[in-house]
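All remarks here apply to the structure that follows.
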Amino acid sequence: MSENKGSSHKSAREIALKILYRTEVDGSFPNLLLARELETLQNPADSALASNFVYGVLKNKLALDYIISKFSKIKLRKLSVWVLNILRIGIFQLVYMDKIPVYAACNESVNLANRYANRGAAGFVNGVMRAVARNPEVEFPDKSVDFCEYLSVFYSHPRWIVEKLLNQYGSTICEEILKTNNVPPNMFLRVNALKTTAEELGEILRSNGIETEIDGEIPYCLRVLSGFSAVVKTTAFTSGLFTIQDRSSILAGQVLAPIADDAVLDMCAAPGGKTTHLAEIMENRGEIVACDIYEHKLKLIVDAANRLGCSIVKTELADGTVSRADFYEKFDKILLDAPCSGLGVLHKKPDIRYSAPRGASSQEDIAELVRCQAKLIDNAARYLKHGGSMVYSTCTLLAEENSKQIERFLARNSEFEAIYENQILTHETGGSGFYICKLWKRGNM
């Protein structure tokens, strides 16, 4: 049934419902939908609640559906998307939140059903919600019978993902990764060394009610402790004193370590976070060619470079899998942040667990990604000068896209050697799961 637009008032629950509906029905990105909707809310508490509902449901969707199936006489596949998401939001409040009264969760769920379904659906929603409220301790699949199924349902990750992580990392580490994926991610800021220092930026942000601390390993990286929603509203952001960037992603540029006056290629550059970091490391001297396959994404790179004052960045529309003779042995340093399955960022993008609009949804998709990565890295090898170095990085945890990809590359390219390799796991540092490998191309013999 189509939505009722009779009222202009928007509640946190209603905003969350609409976003979850669009995410499921047309594959929209929940973070972008949420950013637009939150602009309509005046109360910061409502904004926080709407965000909590959206990401809470996405991170626990399989568990919520499992609970619904235990209390509903109607099969989930027969429920409308509206009703199913109303139940997910409602049961999320009952099972995973401890500050919302039962009556509020139940009554508001019924109200949503009246608006977005019909009276019969409202009665059904009320019945399921009341039943869950009376029996909130749900028995999940028995881990002694099928540990993989238990992990999949309890932590809401599709079974194929759990199987891959179990096979590669074992039960203890796999469960730690899944658990970390379901807690709120940290926010990190990369200080723009062209304009300020970590200490100065920390003081500026503190005057805006934002508390930060300097990362122990990356001196120009700040972890935000409080005031998250205010970060992008500060003049410090608009004037280019920092960029929001995950600490694991920051490490990729740090490991590449270009120097002033280098010629640098960023092969898959959008939205420009790593590109601008390279420019900052180079003291805005030299040249960076930033490529992407989508023209609209090149604008994101240009906008980022302009905001941060990185004038050495030049963008090009290019498909990195297609070899370019004009790039052969042209660059001192190359960054290849390759397209991947994204299994290292599921704590930030829980929606790709289920629909994977940017990554993989099956073994077949991963195989295609691996082939694409191989084409990209082989081209990067051709573009690098002898004596130069390049970094291959991904935001995934799978060896077939990471260490095994590098093994195959080195077998094909004897003039290269790996001089740095790091697989960062999601639970280890507070940042995203990430793979970084630095390769050196031997000089002319």
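The values are calculated or read from the model by the stated rules, or taken from the named source; none is laboratory data. It should be emphasised that the depicted structure is a prediction, and the values quoted were computed from it without experimental measurement. Because the Cβ atoms are built from the backbone with ideal geometry, glycine has one as well, and the counts that use them run over all protein chains shown.
Within segment 32-48, the presence of a residue that is within 25 Å of the chain's Cα centre (by Cα), in contact (Cβ under 8 Å) with a residue 24 or more places away in the chain, closer than 30 Å to residue 150 by Cβ and not in a loop (DSSP other than H, G, I, E, B) is excluded. Based on this model, can you work out whether residue 274 counts as free of Cβ contacts under 8 Å to residues at least 12 places away in the same chain and not small (Gly, Ala, Ser)? Here the answer is no, as residue 274 does not meet what is asked.
Those strands (runs of 3 or more DSSP E) of segment 140-259 in which at least 2 residues are over 20 Å from the mean Cα position of the chain (by Cα), considering only elements entirely within it, cover 211-214.
Scanning segment 52-64 for residues that are in contact with a Ser or Thr (Cβ under 9 Å, 6 or more places away or on another chain), in a helix (DSSP H, G or I) and not β-branched (Val, Ile, Thr) yields 58, 59, 61, 62, 63, 64.
Restricting to segment 9-31, count the residues that are touching a residue at least 24 places away in the same chain (Cβ under 8 Å) and either over 21 Å from residue 115 (Cα atoms) or in a helix (DSSP H, G or I) (or both).
Residues that pass the stated criteria total 16.
Looking at residue 125, is it assigned to a loop (DSSP other than H, G, I, E, B) and either surrounded by fewer than 18 Cβ atoms within 10 Å (Cβ to Cβ) or more than 26 Å from the chain's Cα centre (by Cα) (or both)? Answer is no for this residue.
Working only within segment 65-111, note down all residues that are over 18 Å from residue 11 (Cα atoms), in a helix (DSSP H, G or I) and free of Cβ contacts under 8 Å to residues at least 40 places away in the same chain. Of everything in segment 65-111, those that are over 18 Å from residue 11 (Cα atoms), in a helix (DSSP H, G or I) and free of Cβ contacts under 8 Å to residues at least 40 places away in the same chain turn out to be 65, 69, 76, 77, 78, 84. Scanning segment 372-395 for residues that are charged (D, E, K, R) and farther than 18 Å from residue 330 by Cβ returns a single hit, 375.
Suppose the filter is outside any strand (DSSP E or B) and crowded, with 18+ Cβ neighbours inside 10 Å; does residue 278 pass it? Considered against the rule, which asks whether it is outside any strand (DSSP E or B) and crowded, with 18+ Cβ neighbours inside 10 Å, residue 278 comes out as yes.
Screening residue 432 against (1) in contact (Cβ under 8 Å) with a residue 12 or more places away in the chain; (2) not in a loop (DSSP other than H, G, I, E, B) leaves a single unmet condition, (2).
The rows are residues; the columns are (1) of a type in the set (Val, Ile, Thr); (2) crowded, with 18+ Cβ neighbours inside 10 Å; (3) within 30 Å of residue 174 (Cβ to Cβ).
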| position | (1), (2), (3) |
| --- | --- |
| 46 | no, no, no |
| 54 | yes, yes, yes |
| 92 | no, yes, yes |
| 97 | no, no, yes |
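Count of segment 227-284 residues, restricted to those that are of a type in the set (S, T, N, Q) and under 24 Å from residue 347 (Cα atoms), is 7. Being crowded, with 16+ Cβ neighbours inside 10 Å, in contact with a Cys (Cβ under 8 Å, 6 or more places away or on another chain) and without any contact (Cβ under 8 Å) to a residue 24 or more places away in the chain is the filter here; which residues of segment 129-162 pass it? Of everything in segment 129-162, just one residue is crowded, with 16+ Cβ neighbours inside 10 Å, in contact with a Cys (Cβ under 8 Å, 6 or more places away or on another chain) and without any contact (Cβ under 8 Å) to a residue 24 or more places away in the chain, namely 162.
Annotation: residue 171 fulfils all but one of (1) without any contact (Cβ under 8 Å) to a residue 60 or more places away in the chain; (2) surrounded by 15 or more Cβ atoms within 10 Å (Cβ to Cβ); (3) out of contact with any Ser or Thr (no Cβ under 8 Å at 6 or more places or on another chain); the unmet one is (2).
For residue 274, are the conditions met, namely being basic (Lys, Arg) and in the same structural domain as residue 214 (by TED's automatic domain parsing)? No, not satisfied. Could you please let me know if residue 302 is part of a loop (DSSP other than H, G, I, E, B), closer than 30 Å to residue 239 by Cβ and aliphatic (A, V, I, L, M)? No; evaluated as a whole, the condition is false for this residue.
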